[in-house]
Structures are given as C-alpha cells and as structure tokens.
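The values are calculated or read from the model by the stated rules, or taken from the named source; none is laboratory data. Since the model is a prediction, treat every value here as computed from it, not as a measurement. In this analysis, Cβ positions are derived from the backbone assuming ideal geometry, glycine residues included, and neighbour counts consider all displayed protein chains.
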Amino acid sequence: MTRVWTYIYGAMAAILSIVVACGVQAHELDPGYVDIRPFGGQQYSVSVRVPDVQGAPMDVSLRLPERCDPGLGPKLRSDGQAWQSGWITTCEGGLAGHVIAIDGLDAQRTDVLLRVVATPGDGAQTARLTSHTTQFVVSADPGALAVFGSYFPLGFEHILEGYDHLLFVFALMLLVGTMWQLVGAVTAFTVAHSITLGLSALDVIRVPGPPVEAVIALSIVFLALEILRGQNSAAGRNPWRVCFLFGLLHGLGFAGALREIGLPQQDILAALVAFNLGVEAGQLVFVAVMAGLLFAGRWTIAQMRRDRAMTPVLRTVSGYGIGAVATFWFAERLAGF
C-alpha cells in the first residue's frame, strides 16, 4: 500500500508542477490603464496603456464621447512591457454624463482601469472595466469610495494569479507544525510585504523588477529544501522570522505589479491601501481553501490506512515538486535579465 500511495503522490506532484508551470506561461495579462484629466478650458489630456500580446498591442481601443475631438491619438508605442499613447482632446461641454468605453474588451481576458477627472478641482473617478462591463458613465458627483472599489479587486485578483506568491504560501503551510505557527507566519509575511509594498509604491525605495522576481523564486527553493529537512529545520522552528524576511522581498514584487498597473497620483494613498487589502483578502481565501483541503486529505489518508510512512513520502514528493517548479522559474527569470 505504501508503494501505491507513493505513486499517487508522485503523480499529484507531477500534475501540480505541469499545471503551475503552464499557468505561468499563460498568466493573465496585466490590466490596461486609461487616464483622462483636465488640461485647460474644455481640453483633456488622455493617456492610454494597453497590454502587450505576443509583441503587439492587445486588440482594444478607447472610445471617447462623440463630442471629443480628436477621439483617437497617435499610434501606440511599446515601452518593452506595454503599449502607450497620449494626446490632447477637446470635449465641448465636458465629460460629465457621457460614456467612455473600451471597444473590443468583451473579447479579452484582462481588465482596463479607467481614471477620469471630469472637472478641474473634482476628485478622480475610477472604474474597473471588464469583458462584462466595457463602458463607464462619467458622473457629475463622484463618490469617495470609487478608488477603493477599483483597486481592491485588482489586488485580490493579482495575488490569486501570482503563482509564485501562492506557491510560497503553500510551501509554508506544509512546513509549519501547528495552526498557531501558521497564523504567526502568515501575519509576519503580511506585515513585511505591506511595508515594502508601501515604501516602493511611494518611491521611497526602488529596486529593479527582474532581480526581485528571480530572488522570489529562490525563496521558494529555500522553503522546498526546508520541507525536505522537516520541522527541525530553521524555517520549521522559527517560521515567522523566515516569513518576515522573505515577506519584505515579496512586497517588492507586489509593488512592481502595482507600478505596472499605475497609481492615480491624486489618490495614491487610497489606491495603495485598497490594493494591499485586496492582496490580503485573496491570500486569506487561498490559505483557508488550502487548509481545508490539507485537513481533508490528511484525515482521509489516516482513515484509509494509518501508516507513518505517509508523512515522509508526502514531505519528499512535495519538497521536490515545489523545488523543481521554483528552480525552473529562477532559471527562466535569470535568463530574462
């Protein structure tokens, strides 16, 4: 029976590795970004950022109200990560009460974050446009929670699509021995990445993205090695210290993603808090789901066969499976410098 379960765990690890590796290749596109603000009189400056799809801009386009001229700006230019354009348009009578839309978004898998200042001195209105909601009606009296409503789901989705961050948390769950250790470790991870996310997003510190992403992969390799060593390892004895240290690193990764999305300059603090809370909510959901699955799996195995050999088998297969995926990520990111 032990050999049979060894094969089962091996197959599960192989499937997990393939799914995660393929998931990285098919990672959801970063959101697009549109910023429209008063330029003077009835003129508005328009900035557009469109995700890159295999070396070309995603097939979407901004549609301004008919009263705006010109409705289209210069040709999109690549900055190496996305495609951008900007221009000045004149909108007779302003934008309040009129529709701004993203044509072609209904056929895409990504979102577009829209930020509009309808009248000089007004607060910014933000909207998260999706394949189901492709247009936004500019309000004459924007609500105070508009920024939060846009950036919270972006943070939530980012953590759930960040396979490397989730794999780090999953490896941590396999490593810690008790629920209280897990709570302490996750709390330390949260506090640490909140610190560096805030400092980096506010440009207090700035670290190049590629080295950060590569070292994040190495942090997962480290946890995989600790899983193989067991709970007597350094991370097993003091998981919160290890999580705080690596949480500082992962926060820089979150900040890089937030910088690519773009922060509204007049609402930067609100957007930062909302994004971070979204990240925390997504992380807690992941931990809760995985904790339930791990508990159910352990209970089922214990009921089917009380075999002490299962723990070393699971530890070995998990450690090597997680380590293999993380090593692949490290090599891939190192090659992309």
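Numerical summary
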| item | result |
| --- | --- |
| Segment 73-107, residues that are closer than 21 Å to Gly149 by Cα and not aliphatic (A, V, I, L, M) | Gly97, His98, Asp106 |
| Pairs with Cβ under 8 Å, 6+ apart, first in segment 82-94 and within 25 Å of Ala140 (Cβ to Cβ), second at pLDDT 90 or above and of a type in the set (Val, Ile, Thr) | Trp87/Val46; Ile88/Val46; Thr89/Val46 |
| Some residue of segment 123-130 being surrounded by fewer than 18 Cβ atoms within 10 Å (Cβ to Cβ) and not in a loop (DSSP other than H, G, I, E, B) | no |
| Hey, Ile205 more than 30 Å from Leu129 (Cα to Cα), surrounded by 19 or more Cβ atoms within 10 Å (Cβ to Cβ) and not aromatic (Phe, Trp, Tyr) or not | no |
| Output for segment 208-238, where each listed residue is out of contact with any Lys or Arg (no Cβ under 8 Å at 6 or more places or on another chain), modelled with pLDDT under 85 and either exposed (fewer than 14 other Cβ atoms within 10 Å of the Cβ) or on the phi > 0 side of the Ramachandran plot (or both) | Pro208, Asn232, Ala234, Arg237 |
| Within segment 173-196, tally of residues that are β-branched (Val, Ile, Thr) and not in a helix (DSSP H, G or I) | 2 |
| Filtered residues of segment 61-80 (kept if part of a strand (DSSP E or B) and among the aliphatic types (A, V, I, L, M)) | Leu62 |
| Qualifying position, being of a type outside the set (S, T, N, Q) and within 17 Å of Leu269 (Cα to Cα), among Leu197, Leu167, Leu175 | Leu197 |
| Tally, over segment 102-122, of residues that are in a strand (DSSP E or B) and surrounded by fewer than 19 Cβ atoms within 10 Å (Cβ to Cβ) | 1 |
| Some residue of segment 230-237 being under 16 Å from Ala326 (Cβ atoms), in contact (Cβ under 8 Å) with a residue 12 or more places away in the chain and either part of a helix (DSSP H, G or I) or out of contact with any strand residue (DSSP E or B) (no Cβ under 8 Å at 6 or more places or on another chain) (or both) | yes |
| Among (1) of a type outside the set (D, E, K, R); (2) surrounded by 17 or more Cβ atoms within 10 Å (Cβ to Cβ); (3) part of a helix (DSSP H, G or I); (4) modelled with pLDDT under 75, the one test that Gly319 misses | (4) |
| Every pair of residues 6+ apart whose Cβ atoms lie under 8 Å, when the first sits in segment 189-207 and is over 13 Å from Val279 (Cβ atoms) and without any contact (Cβ under 8 Å) to a residue 60 or more places away in the chain while the second is in a loop (DSSP other than H, G, I, E, B) and among the β-branched types (Val, Ile, Thr) | Leu199/Ile205; Ser200/Val207 |
| Of all residues making up segment 322-337, the number that are at pLDDT below 75 and surrounded by 16 or more Cβ atoms within 10 Å (Cβ to Cβ) | 0 |
